[in-house]
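The values are calculated or read from the model by the stated rules, or taken from the named source; none is laboratory data. Predicted model, so just to flag it, every value in this text is computed and none were measured. Positions of Cβ are backbone-derived with ideal geometry, glycine not excepted, and every protein chain shown enters the neighbour counts.
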Amino acid sequence: MSQTIVITGANRGIGLAMARCWAQRGDRVIAACRQPSQALADLGVEIVDGVDVSRRDGVTNLEAALGNTPVDVLYNNAGIMLSETLDHMDLEQIEEQFQINTLGPLRVTLALLDNLKSGSKVGLMTSRMGSIADNGSGGKYGYRISKAGLNAAGKSLAIDLYDRGIAVAILHPGWVKTDMTGNSGHLTTDEAAAGLVQRMDELTLENSGTFWHSDGSVLPW
């Protein structure tokens, strides 16, 4: 059965690949982004541009475009990764990542809460770099802080949305060849997208709130 999918940050990278994956199997995809790319336009999906998850007023376009449309899957993909070290710290840069990576998904989910119903699913694109137990290299303060915060928010959302019948997945895509990683990595965007879509397909209220790798393995907090 066709689903209505809303995905943020869909103009490139993993978000674009996920939008393509869902569209190719016949789902209705509503792709949100700040500026659409030609690659996204070529998919033939519905595009809502002018969406900036870093600001509260940045998601009004998406709210208006959806209206009362029921959403089966909301996937919060938009995010950035910058770099800080102890010797080269930039607190404003850390705050920017927190606004986009942590508060952004929360803003979007809260804004579209009335569009979600019993049986709906929410996906949060996080990273294993947000795992405290898995941090063996330090650095990347803003990215680590913002993704650890998102993990905490995702766990609380899973608990608070349980009685509404809405499940939440906290997902690490793997080390993927994208602009964010300088095109290094083990996975292509299509490979990562396939795993992430499968995780969303397998998401239930029983496993809601789990921190997964796109390959299905459970990651440490």
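Restricted to the range 130-149, and to residues there that are closer than 12 Å to P220 by Cβ and of a type outside the set (G, A, S), the residue that is surrounded by the fewest Cβ atoms within 10 Å (Cβ to Cβ) is I132. Please tell me if D201 is of a type in the set (D, E, K, R) and in a loop (DSSP other than H, G, I, E, B). Spelling it out, it is not the case that D201 is of a type in the set (D, E, K, R) and in a loop (DSSP other than H, G, I, E, B). Screening G44 against (1) assigned to a loop (DSSP other than H, G, I, E, B); (2) in contact with a Gly (Cβ under 6 Å, 6 or more places away or on another chain); (3) not hydroxyl-bearing (S, T, Y) leaves a single unmet condition, (2).
Before we move on, is E84 in contact with a helix residue (DSSP H, G or I) (Cβ under 8 Å, 6 or more places away or on another chain) and not in a helix (DSSP H, G or I)? Answer is yes for this residue. One residue alone among T85, T109 is β-branched (V, I, T), touching a residue at least 12 places away in the same chain (Cβ under 8 Å) and touching a Leu at 6+ places or on another chain (Cβ under 8 Å), and that residue is T109.
If you check L171 against the conditions, is it closer than 26 Å to P70 by Cα, outside any strand (DSSP E or B), within 17 Å of the chain's Cα centre (by Cα) and not β-branched (V, I, T)?
So L171 does not fit the description; no.
Determine, yes or no, whether R34 is in a helix (DSSP H, G or I) and not β-branched (V, I, T). Answer is no for this residue.
Within the range 129-148, being part of a helix (DSSP H, G or I) and not basic (K, R) holds for M129, G130, Y141, G142, Y143, I145, S146, A148.
Give the range 47-75 a look and list any residue that's in contact with a helix residue (DSSP H, G or I) (Cβ under 7 Å, 6 or more places away or on another chain), loosely packed, with under 15 Cβ neighbours inside 10 Å and part of a helix (DSSP H, G or I), or say none. Listed by number, the list holds a single entry, R56.
Residues in the range 95-127 that are part of a strand (DSSP E or B) and among the charged types (D, E, K, R): K117, K121. Taking the range 126-175 as the range and being hydrophobic (A, V, I, L, M, F, W, C) and out of contact with any Leu (no Cβ under 7 Å at 6 or more places or on another chain) as the test, the residues that pass are M129, I132, A133, I145, A148, A152, L157, A158, I159, L161.
Filter the range 34-65 down to the residues that are touching a residue at least 40 places away in the same chain (Cβ under 8 Å) and in contact with a strand residue (DSSP E or B) (Cβ under 7 Å, 6 or more places away or on another chain), then identify the one that is nearest to Q3 (Cα to Cα). Only one residue tops the list, namely L62. Checking S214, S208 one by one, the residue that is within 18 Å of L113 (Cβ to Cβ), polar (S, T, N, Q) and surrounded by 14 or more Cβ atoms within 10 Å (Cβ to Cβ) is S208 and no other.
Scanning the range 11-36 for residues that are under 23 Å from T126 (Cα atoms) and among the polar types (S, T, N, Q) yields a total of 2. Return yes or no: is G165 touching a Ser or Thr at 6+ places or on another chain (Cβ under 9 Å), under 22 Å from L112 (Cα atoms) and at pLDDT 95 or above? So G165 fits the description; yes. Only one of (1) surrounded by fewer than 23 Cβ atoms within 10 Å (Cβ to Cβ); (2) within 21 Å of W212 (Cα to Cα) is not met by M89, so which one is it? Against the list (1) surrounded by fewer than 23 Cβ atoms within 10 Å (Cβ to Cβ); (2) within 21 Å of W212 (Cα to Cα), M89 comes up short only on (2). If you check A133, A169, A111 for being farther than 22 Å from I14 by Cα, touching a helix residue (DSSP H, G or I) at 6+ places or on another chain (Cβ under 9 Å) and of a type in the set (A, V, I, L, M), only one passes: A111.
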